[in-house]
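Everything on this sheet refers to the single structure shown next.
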Amino acid sequence: MFTIGTEAAIVATLFWIISGTASKKIVRGLGSQRYIFIILSLGSLPALFATLLVGNYSIGYYDIIISAVSGIFLTLGFVFMYMSLKTEQLANSSALNALQPAVLVLFGLVVLGEHASVPQIIGMLVIFSGAFMIITTKGFTINKRLFPAALSAASWAVYWIIITLVIDNAHTYALPIFISRIAGLAVAAAYLYYSKTLHGAFSKSFTHFYRNRTLIVLLSLAVIGALADGSGDTVFGITIGNNVLAIGAALSAFSPMMVPFLAFIFYKEKLTRLQFLGLLAMVAGGIIVSVL
């Protein structure tokens, strides 16, 4: 039977699929630094709206600080993912997001001193084996340019670990996610400024905004992608708050599978047979780790 938490996980997954699919065109059109700034600024609006709607502002200073720290890892995830998208396909880059459940389990084992069950250990091995298949080229060499995508999955996993702890402690989901994205926005603003992409072509593009149809399309996609990503994070907070994180994580594991499928439709990207098998293995392993 579906509950509010599981339904929220499904909705969040759909939002992430939209955001992930649109990201390649946006990053290659506007640049990664600009899009990260947009996705963290506009993407904070759904969390702000949810915060005002929920009306629970009782959060301690410790939770505020920890939420802000999580925003750093959120931003790093975008930086690493879009670094990979500059040269690699969206299909195999996004597929590596399925590494997140394995990172969560490793965190529990190494940091929290938890004990993994036999199915979880098997699931982790399946996930890492699938990841190896995805980063392996036809000549059976390692594609090192996909390493940033793997680091992205690890960064986002740490983000969710931290934000889950805050939500569980503060008993509210919207405000911690909003604080996290605002802190991430500060990091993104510094990244944008020091990358020197704020000047020159960027300002020139906005000077000719109404005459540049391509820019209008890219900015429209950026707005949609940013709102979709922020909505996904905010809605998934409901899943965490309803204590169905394991099932929610299993449902969200289908996002790394759907984005490569849509990348094939919209960008004509293709995975090799080995990479496709690796993707299936990672999704299956993610479900095993999350549920069993």
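When residues of segment 168-177 are filtered for being crowded, with 24+ Cβ neighbours inside 10 Å and under 14 Å from SER58 (Cβ atoms), how many remain?
Residues of segment 168-177 crowded, with 24+ Cβ neighbours inside 10 Å: 173-177.
The next check asks that each one be under 14 Å from SER58 (Cβ atoms); those that pass are 173-176.
So the count comes out to 4.
Residue by residue, here is whether (1) within 30 Å of LEU274 (Cα to Cα); (2) surrounded by 24 or more Cβ atoms within 10 Å (Cβ to Cβ) holds:
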{"position": "VAL54", "(1), (2)": "no, no"}
{"position": "ILE64", "(1), (2)": "no, no"}
{"position": "MET81", "(1), (2)": "yes, yes"}
{"position": "LYS86", "(1), (2)": "yes, no"}
{"position": "LEU90", "(1), (2)": "yes, yes"}
{"position": "SER93", "(1), (2)": "yes, yes"}
{"position": "LEU96", "(1), (2)": "yes, yes"}
{"position": "VAL103", "(1), (2)": "yes, no"}
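Could you tell me whether any residue of segment 128-147 is under 23 Å from ILE59 (Cβ atoms) and assigned to a helix (DSSP H, G or I)?
In the first step, residues of segment 128-147 are kept if they are under 23 Å from ILE59 (Cβ atoms); the result is none.
No - not one qualifying residue is present in segment 128-147.
Would it be correct to say that PHE80 is at pLDDT 90 or above and out of contact with any Lys or Arg (no Cβ under 9 Å at 6 or more places or on another chain)?
On the way: at pLDDT 90 or above: yes; out of contact with any Lys or Arg (no Cβ under 9 Å at 6 or more places or on another chain): yes.
For PHE80, the condition - at pLDDT 90 or above and out of contact with any Lys or Arg (no Cβ under 9 Å at 6 or more places or on another chain) - is met.
Scanning for something modelled with pLDDT of 75 or more, of a type in the set (D, E, K, R) and either assigned to a loop (DSSP other than H, G, I, E, B) or in contact with a His (Cβ under 8 Å, 6 or more places away or on another chain) (or both), does segment 87-96 turn up at least one residue? First the steps, then the outcome.
Start the filter on segment 87-96 by keeping residues that are modelled with pLDDT of 75 or more, which leaves 87-96.
With the extra rule that they be of a type in the set (D, E, K, R), the set shrinks to 88.
With either assigned to a loop (DSSP other than H, G, I, E, B) or in contact with a His (Cβ under 8 Å, 6 or more places away or on another chain) (or both) added as a condition, the list becomes 88.
Yes - at least one qualifying residue is present in segment 87-96.
For the structure I just gave you, tell me whether SER58 is in a loop (DSSP other than H, G, I, E, B), within 22 Å of ASP168 (Cα to Cα) and either of a type in the set (Ser, Thr, Tyr) or modelled with pLDDT of 80 or more (or both). Steps first, please.
Numbers: in a loop (DSSP other than H, G, I, E, B): yes; within 22 Å of ASP168 (Cα to Cα): yes; either of a type in the set (Ser, Thr, Tyr) or modelled with pLDDT of 80 or more (or both): yes.
For SER58, the condition - in a loop (DSSP other than H, G, I, E, B), within 22 Å of ASP168 (Cα to Cα) and either of a type in the set (Ser, Thr, Tyr) or modelled with pLDDT of 80 or more (or both) - is met.
Among helices (runs of 4 or more DSSP H) lying entirely in segment 188-292, which contain 1 or more residues that are modelled with pLDDT of 80 or more, hydroxyl-bearing (Ser, Thr, Tyr) and buried (at least 21 other Cβ atoms within 10 Å of the Cβ)? Full working, then the answer.
Numbers: elements: 201-207, 213-241, 245-252, 255-267, 273-291.
Hits in segment 188-292: 213-241.
Does GLY77 fit the bill of being surrounded by 16 or more Cβ atoms within 10 Å (Cβ to Cβ), farther than 30 Å from GLY278 by Cβ and small (Gly, Ala, Ser)?
Details: surrounded by 16 or more Cβ atoms within 10 Å (Cβ to Cβ): yes; farther than 30 Å from GLY278 by Cβ: no; small (Gly, Ala, Ser): yes.
No, not satisfied.
Going through ALA149, ALA131, ALA153 one at a time, which residue ends up being closer than 25 Å to ILE238 by Cα, buried (at least 16 other Cβ atoms within 10 Å of the Cβ) and either under 21 Å from the mean Cα position of the chain (by Cα) or modelled with pLDDT under 85 (or both)?
ALA153
Give GLY55, GLY43, GLY77, GLY20 a once-over and let me know the one that is at positive phi and of a type outside the set (A, V, I, L, M, F, W, C).
Working: GLY43 fails: at positive phi; GLY77 fails: at positive phi; GLY20 fails: at positive phi.
Within the list GLY55, GLY43, GLY77, GLY20, the selection yields GLY55.
The values are calculated or read from the model by the stated rules, or taken from the named source; none is laboratory data. Note that the coordinates shown come from a computational prediction; the quantities given were computed from them, not determined experimentally. Ideal geometry is used to build each Cβ from the backbone, glycine not excepted, and the neighbour counts take in all protein chains shown.
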